[in-house]
Amino acid sequence: MTTTPLTFIATNDLSAQTRGRSVPGAETPAALRRGVGWVPANLAIGAFGHIAEDNVFGATGDLRLMPDNEALFNIAESEERPGLSYYLADQTRPDGSPWACCPRTFARDALREFTELTGSEVVASFEHEFFLSGAEETAPFSFERFRKAEPFGSKLVELLDEVGLRPETWLPEYGEDQFEITLEPTGALAAADRAVVLRDLVRDLAERSGRKASFAPLLDPDGSGSGVHIHFSLRDAQTGAPVLHDPERPSDLAEVGAQFAAGIITHAKPLTALTACSPASYLRLSPNRWSVGGAFLGEYHREALVRICPTSTLGGGRPQHQFNLEYRAADATANPWLAVGAIVRAGMEGIKREYQPEKIWHEEDSAEELTRVPKLPTDVEDALDALRKDDIVMSWFHPDLIQTYVDVKRADLESCEGLTAKEICRKVANVY
Ligand code: GLU
Ligand code: MG
């Protein structure tokens with residue numbers, strides 16, 4: 001076995017799969033300067049491993065995967081596997097100039113434009129739920145479930161810490177076999193990078209430990225869903241001061257935050273097509289599942305598309321530093337860069353056009369009244385239709401990128417034709 005770890009240079013694609021190439025450790029400096037080769041049509045590979053037919057790239061063209069020094073994750077050797085330098089990369093043209101269809105570049109551009117528009121930087125943090133085998137028949141949130149997951153839980157937290165992902169909490173969740181891991185907030189591009197790496201590390205550790213981890217939105221149509229909740233806050237780009245919190249306003253949400261949330265709610269349907277778009281995703285996104293019951297802004301409300309999260313002054317906590325908005329309609333079948341980029345672009349539309357949320361929903365609002373809020377898409381077709389009809393959302397993307405996205409999602413759907421909901425869940429879970 002080689003003593004110098006390999007260097008894996010990776011991207012994460014429209015199916016939220018990490019794909020890439022490795023070079024010998026000694027070749028890393030050269031790979032950092034010149035990248036490694038990549039192929040445009042790889043972007044058209046669907047969740048089930050096939051290139052979508054008639055994809056816009058065909059068999060032509062060449063790209064580079066250019067590793068980002070800021071996105072290096074050193075994974076130590078373990079008993080079962082050698083160590084690894086894992087870089088996330090931008091997909092560029094052969095001369096190193098940006099490729100308009102690269103999802104990571106899409107996120108970076110959106111975040112830069114956001115700062116140019118508002119003078120604020122976006123901070124984000126990802127909360128992932130997933131299923132882990134080996135803790136069967138344990139009670140929701142229980143100590144027993146937590147212990148049965150050991151030593152996986154302790155090893156995971158240690159691993160994430162070593163790799164620099166900054167784990168915040170590790171907990172037994174509600175659903176059967178379900179757990180949750182949250183990471184500390186950081187700049188939104190780094191947060192999306194960490195979401196990519198987190199999923200890979202959780203699956204890898206589970207596999208090495210003789211367990212199986214799945215980030216699928218559902219394992220069974222009647223079971224609990226696993227969501228990816230993305231938390232957003234804003235800080236002044238010059239001073240770093242938090243800007244989302246304003247105690248003079250309703251629910252303490254600063255005007256810029258209210259507009260940001262209103263932009264997301266206005267474009268909720270097409271956004272969902274980008275943040276939760278596997279054939280199993282819409283089985284999770286339905287009312288009474290604590291996922292999302294409709295396109296609304298809520299405080300103390302876990303069925304809101306956008307939730308104003310609680311703060312606490314306990315132990316000297318400062319609300320303005322904790323205050324954040326949570327987007328709840330994502331799952332791990334979505335590419336984290338596309339999700340962050342699209343949510344931020346929707347928020348930016350809200351700010352530019354000075355949208356206002358119709359209302360902030362609270363726990364005391366009646367369930368009956370809530371049935372009248374706009375709904376999220378009911379299935380992939382509905383979501384893709386909403387996406388294609390929204391000229392504003394379509395304008396955020398290079399036409400080849402969005403066309404490929406639609407082609408890939410259609411192809412995934414076709415692969416599930418004729419399957420029951422249970423079979424769809426199983427098929428998706430095999431991939432995620
Ligand atoms: N499991 C729920 C979902 O599908 C979320 C539950 C929670 O609020 O943590 O999003
Ligand atoms: Mg949870």
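The values are calculated or read from the model by the stated rules, or taken from the named source; none is laboratory data. The model shown is predicted, which means the values in this text are computed figures rather than measured ones. Every residue, glycine among them, receives a Cβ derived from its backbone with ideal geometry; neighbour counts consider all protein chains shown. Please note that ligands, DNA and RNA were not included when accessible areas were found on the heavy atoms of the full protein model with its side chains. Shrake-Rupley method; radii C 1.70, N 1.55, O 1.52, S 1.80 Å.
Screening the candidates Phe146, Phe126, Phe130 for the property of being surrounded by 15 or more Cβ atoms within 10 Å (Cβ to Cβ) and either at pLDDT below 95 or assigned to a helix (DSSP H, G or I) (or both) yields one hit, Phe146. Say we look at region 225-246 and pick out the residues that are within 16 Å of ligand 2 (Cβ to nearest atom) and among the β-branched types (Val, Ile, Thr); which of these is nearest to Ser281 (Cα to Cα)? Among those residues, the one meeting the criterion is Val228.
For region 381-393, filtered to residues that are part of a helix (DSSP H, G or I) and more than 21 Å from Asp412 (Cα to Cα), the residue that is most open to solvent (accessible area, probe 1.4 Å) is Asp391.
Only one of Asp222, Asp252, Asp200 is away from ligand 2 (no atom under 16 Å from the Cβ), charged (D, E, K, R) and on the phi > 0 side of the Ramachandran plot; which?
On the way: Asp222 fails: on the phi > 0 side of the Ramachandran plot; Asp200 fails: on the phi > 0 side of the Ramachandran plot.
Exactly one residue qualifies, and that residue is Asp252.
Restricted to helices (runs of 4 or more DSSP H) entirely inside region 310-380, those with at least 2 residues that are surrounded by 16 or more Cβ atoms within 10 Å (Cβ to Cβ) are 319-322, 336-352.
Could you list all residues from region 56-74 that are surrounded by fewer than 21 Cβ atoms within 10 Å (Cβ to Cβ) and either part of a loop (DSSP other than H, G, I, E, B) or in contact with a Gly (Cβ under 7 Å, 6 or more places away or on another chain) (or both)? Selection gives Val56, Phe57, Gly58, Ala59, Thr60, Gly61, Asp62.
The residues listed here are Ala107, Ala71, Ala139; of these, the one that is out of contact with any His (no Cβ under 7 Å at 6 or more places or on another chain), among the small types (Gly, Ala, Ser) and more than 30 Å from Val39 (Cβ to Cβ) is Ala139.
To keep it simple, each residue is scored yes or no on (1) outside any strand (DSSP E or B); (2) closer than 30 Å to Ala47 by Cβ; (3) free of Cβ contacts under 8 Å to residues at least 12 places away in the same chain.
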site	(1), (2), (3)
Gly240	yes, no, yes
Glu248	yes, no, yes
Gln259	yes, no, no
Lys269	yes, yes, no
Ala273	yes, yes, no
Pro279	yes, yes, no
Tyr282	yes, yes, no
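Filtering region 232-270 to residues that are closer than 25 Å to Pro357 by Cβ, open to solvent by 50 Å² or more (accessible area, probe 1.4 Å) and not hydroxyl-bearing (Ser, Thr, Tyr) leaves Arg235, Pro247, Glu248, Arg249, Pro250, Asp252, Glu255, Lys269. Please verify whether region 140-149 includes one or more residues that are under 25 Å from Thr333 (Cβ atoms), basic (Lys, Arg) and within 16 Å of ligand 2 (Cβ to nearest atom). Checking region 140-149: at least one residue is under 25 Å from Thr333 (Cβ atoms), basic (Lys, Arg) and within 16 Å of ligand 2 (Cβ to nearest atom).
Annotation: of all residues in region 262-295 being more than 16 Å from ligand 2 (Cβ to nearest atom) and among the hydroxyl-bearing types (Ser, Thr, Tyr), the one that is farthest from Ala216 (Cα to Cα) is Thr266. Is it fair to say Asp90 is open to solvent by less than 50 Å² (accessible area, probe 1.4 Å), under 27 Å from Val23 (Cβ atoms) and acidic (Asp, Glu)? Criteria met by Asp90.
Looking only at residues of region 212-231 that are near ligand 1 (Cβ under 7 Å from one of its atoms) and in a loop (DSSP other than H, G, I, E, B), we find that the one that is surrounded by the fewest Cβ atoms within 10 Å (Cβ to Cβ) is Ser224. Touching a strand residue (DSSP E or B) at 6+ places or on another chain (Cβ under 7 Å), more than 25 Å from Leu218 (Cβ to Cβ), without any contact (Cβ under 8 Å) to a residue 60 or more places away in the chain and open to solvent by 30 Å² or more (accessible area, probe 1.4 Å) - does that describe any residue in region 178-188? Yes, the conditions are met somewhere in region 178-188. Checking each residue in region 9-38 for being among the hydrophobic types (A, V, I, L, M, F, W, C) and loosely packed, with under 15 Cβ neighbours inside 10 Å picks out Ala26, Ala30.
Here Leu6 fulfils each of the conditions (1) without any contact (Cβ under 8 Å) to a residue 40 or more places away in the chain; (2) farther than 24 Å from Tyr432 by Cβ; (3) open to solvent by less than 80 Å² (accessible area, probe 1.4 Å) apart from (1). Residue-level check: of (1) farther than 30 Å from Trp170 by Cβ; (2) among the polar types (S, T, N, Q); (3) within 16 Å of ligand 1 (Cβ to nearest atom), Thr118 misses just (3).
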